[in-house]
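The structure appears right after this line, and notes come after that.
The values are calculated or read from the model by the stated rules, or taken from the named source; none is laboratory data. Note that the structure is a prediction, hence the values are computed from the model and not measured. Positions of Cβ are generated from backbone atoms using ideal geometry, with glycine treated the same way; all protein chains shown enter the neighbour counts.
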Amino acid sequence: MSETFHEFVVQRSAALSRTAYLLTGDHQLAEDLLQTALARTYRHWRRIRDGDPEAYARRVMYHQQVSWWRRRRVAERLEPVPAERGGGDHTEDTTLRLSLMAALRRLTPRQRAVVVLRFYEDLTEPQVAEALGCSLGTVKRHGWDAVRRLREIVPDLVERTAARSGR
């Protein structure tokens, strides 16, 4: 049992870690979230290993993040500006990344989860519904509300992203 779980952790930890960071917006919280999700996944490994253990781990991360958010209700924190590094001017990339993270933090936890799973993890709406344990309609509604809210918060984000990717 532990060998197959070890293989799962080795193969999928990086992707799950990125998802955890996008859900929390904080590196330390993301590490805690991933560790909690992997511990719970391990507890149920015999039951889920033949199914989709990654979807199970994502669902655990989402539910745990919502649970932490409900307990904390911490005011929004400003992240420090990254230190300058050599190798060219990355100001525009950094500004875009900080704007996106700040905008994601202003969404509700469920809206953020839908956006992360749908657009970053590139899951279909039915896969997101399964991962979050909700209906397809709920995913569509939260996705629509999240995109509308992001357009209100950072109206030039779409244009900046399109210009950056050359579209």
**Q.** Boolean, Arg70 is in contact (Cβ under 8 Å) with a residue 60 or more places away in the chain and part of a helix (DSSP H, G or I)
**A.** no
Q) Among the residues of the stretch 46-54, is there at least one that is part of a loop (DSSP other than H, G, I, E, B), more than 16 Å from the chain's Cα centre (by Cα), at pLDDT 80 or above and surrounded by 15 or more Cβ atoms within 10 Å (Cβ to Cβ)? A) yes
Q) Would it be correct to say that Arg105 is surrounded by fewer than 18 Cβ atoms within 10 Å (Cβ to Cβ), of a type in the set (D, E, K, R) and at pLDDT below 90? A) yes
(Q) Residue under question is Ala15, and the condition is that it be at pLDDT 90 or above, in a helix (DSSP H, G or I) and surrounded by 11 or more Cβ atoms within 10 Å (Cβ to Cβ); does it hold? (A) yes
(Q) Looking at Phe5 and the list (1) in contact with a Phe, Trp or Tyr (Cβ under 8 Å, 6 or more places away or on another chain); (2) of a type outside the set (Val, Ile, Thr); (3) under 22 Å from Val114 (Cβ atoms), which single condition is not satisfied? (A) (3)
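Just checking, which of Glu92, Glu125 is modelled with pLDDT under 85 and surrounded by fewer than 18 Cβ atoms within 10 Å (Cβ to Cβ)?
Glu92
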Q) Any idea which of (1) modelled with pLDDT of 85 or more; (2) assigned to a loop (DSSP other than H, G, I, E, B); (3) out of contact with any helix residue (DSSP H, G or I) (no Cβ under 9 Å at 6 or more places or on another chain) is the one Ala75 doesn't satisfy? A) (1)
Q) Restricting attention to the stretch 143-167, which residues are under 26 Å from Ala14 (Cβ atoms) and at pLDDT 90 or above? A) Gly143, Ala146
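Working only within the stretch 22-35, note down all residues that are part of a helix (DSSP H, G or I) and over 22 Å from Glu3 (Cβ atoms).
Leu22, Leu23, Thr24, His27, Gln28, Leu29, Ala30, Glu31, Asp32, Leu33
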Q: Look through the stretch 120-151, keep the residues that are in contact with a His (Cβ under 9 Å, 6 or more places away or on another chain) and not aliphatic (A, V, I, L, M), and return whichever of them is nearest to Ala37 (Cα to Cα).
A: Gly133
Q: Report, ordered by the first and then the second residue, all pairs with beta carbons closer than 7 Å, sequence separation of six or more or different chains, a first member in the stretch 10-35 that is in the same structural domain as Gln64 (by TED's automatic domain parsing), and a second member that is part of a helix (DSSP H, G or I) and aromatic (Phe, Trp, Tyr).
A: Leu22/Tyr120; Leu23/Tyr62; His27/Tyr21; Ala30/Tyr21
Q: Collect the residues in the stretch 109-147 that are over 14 Å from the mean Cα position of the chain (by Cα) and closer than 22 Å to Pro53 by Cα, keeping them in residue-number order.
A: Thr124, Glu125, Pro126, Gln127, Ala129, Glu130, Gly133, Cys134, Ser135, Leu136, Val139
